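Before any comments, here is the structure.
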Amino acid sequence: MLLKNSRIKLAETIWARVRMYWALTKSLQTGLLLLTGLAGYFSARCPTHSTALVLALAGSLFAAIAGSTVLNMVYDRDIDALMLRACRRPLPANRMSAREALWLGGVLSLIGIAWAFALSPLYGAVVLAGWCFDVIVYTLWLKRRSVWAILWGGIAGAMPILAGRVLGAGQIDLVGVLFALAILLWIPTHLLTFGIKYAEQYRAAGVPIFPNRYGEAFTRGTIALSTACATIAMSLAASQIGLPAGYFHLALWLSALLVGVALLSVFRRSSTLNFALYKFASLYMLGAMALIVLGMSLN
């Protein structure tokens, strides 16, 4: 009986650790970026759509993205402790040591980048570039210094879809650039709406963001313009890859809805509408990527 209880306690302890590790990866954000990479790959109509290669793409991207996210969480633990929305994360809440998280992030990053280079040198170079933009340029250098750090964070966010396209097409082409541009321009819709909602917490933590530097009205206008440009880039890329008509038209409707909500938020300032735009922006990208994967793989 004592042995059984010990095993149960050990299993519970391991499961609790795994859950903390999972929380450090920001699984929803990582999952969305992973889906963009898969969409980029399937967009190429690559004749080698083997299960093994798709799993290798998913594994290498997940490890690299999750690793960079964990490392960001390690570096940002001090400002997370000052923000109500983030203070309960494992590191600022002192449920895990920074050293343990640093090892986790480092190992995941190394696995992801090495695996990517093993699949293709060019694919690996794009994955490495995304990691560097995210960890070094965005988090370590600019996040606490400039509101324009969001631009470099957007470039980092655009790398998974470009990497997937590169692995499928074997080169950096116009479609890959359009997809990357669409993600880059979509990032403000996702992050600036979040910044409006938590502007006071960012101010308290000393992190410069658009709403606190340029005002809410300018920020909402930036969101609307960036959203419109993102949907144009996404539509052009979808047209270039020959996305089947039904999937393409549905993607256009999703784009029109997103732009409509973004424009409405400019003229009607509402915290509820702002939060709805934040959520719908994620659903839009999730839907657009799913349509590309399904449309190109089933066609």
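The values are calculated or read from the model by the stated rules, or taken from the named source; none is laboratory data. Being a predicted model, the structure only gives us computed values, none of them experimental. Note that each Cβ is placed from the backbone with ideal geometry, even for glycine, and that neighbours are counted across all protein chains shown.
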Test for ALA125: is it closer than 25 Å to ILE209 by Cβ and either surrounded by fewer than 21 Cβ atoms within 10 Å (Cβ to Cβ) or touching a Ser or Thr at 6+ places or on another chain (Cβ under 6 Å) (or both) = no
So which residues in the stretch 155-167 are free of Cβ contacts under 8 Å to residues at least 40 places away in the same chain and either over 13 Å from the mean Cα position of the chain (by Cα) or farther than 14 Å from THR30 by Cα (or both), if there are any at all?
-> ILE155
Do you know which of the residues in the stretch 62-109 that are among the hydroxyl-bearing types (Ser, Thr, Tyr) and part of a helix (DSSP H, G or I) is surrounded by the most Cβ atoms within 10 Å (Cβ to Cβ)?
-> SER68
Test set (1) at pLDDT 90 or above; (2) under 24 Å from GLN171 (Cβ atoms) - PRO47 fails condition number = (1)
Six or more apart or on different chains, Cβ under 6 Å: which pairs go from a residue in the stretch 264-287 that's more than 21 Å from ILE183 (Cβ to Cβ) and of a type in the set (Val, Ile, Thr) to one that's part of a helix (DSSP H, G or I) and modelled with pLDDT under 90? Could you list them?
-> none
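Could you say which residue among LEU151, LEU108, LEU84 is of a type outside the set (Phe, Trp, Tyr), modelled with pLDDT of 95 or more and out of contact with any His (no Cβ under 9 Å at 6 or more places or on another chain)? Before the answer, list the steps.
Values: LEU151 fails: modelled with pLDDT of 95 or more; LEU84 fails: modelled with pLDDT of 95 or more.
Sole residue among the options that is of a type outside the set (Phe, Trp, Tyr), modelled with pLDDT of 95 or more and out of contact with any His (no Cβ under 9 Å at 6 or more places or on another chain): LEU108.
Condition test on VAL70, is it in contact with a Phe, Trp or Tyr (Cβ under 9 Å, 6 or more places away or on another chain) and more than 25 Å from ALA238 (Cβ to Cβ)? Write out each step before concluding.
Details: in contact with a Phe, Trp or Tyr (Cβ under 9 Å, 6 or more places away or on another chain): yes; more than 25 Å from ALA238 (Cβ to Cβ): yes.
Spelling it out, VAL70 is indeed in contact with a Phe, Trp or Tyr (Cβ under 9 Å, 6 or more places away or on another chain) and more than 25 Å from ALA238 (Cβ to Cβ).
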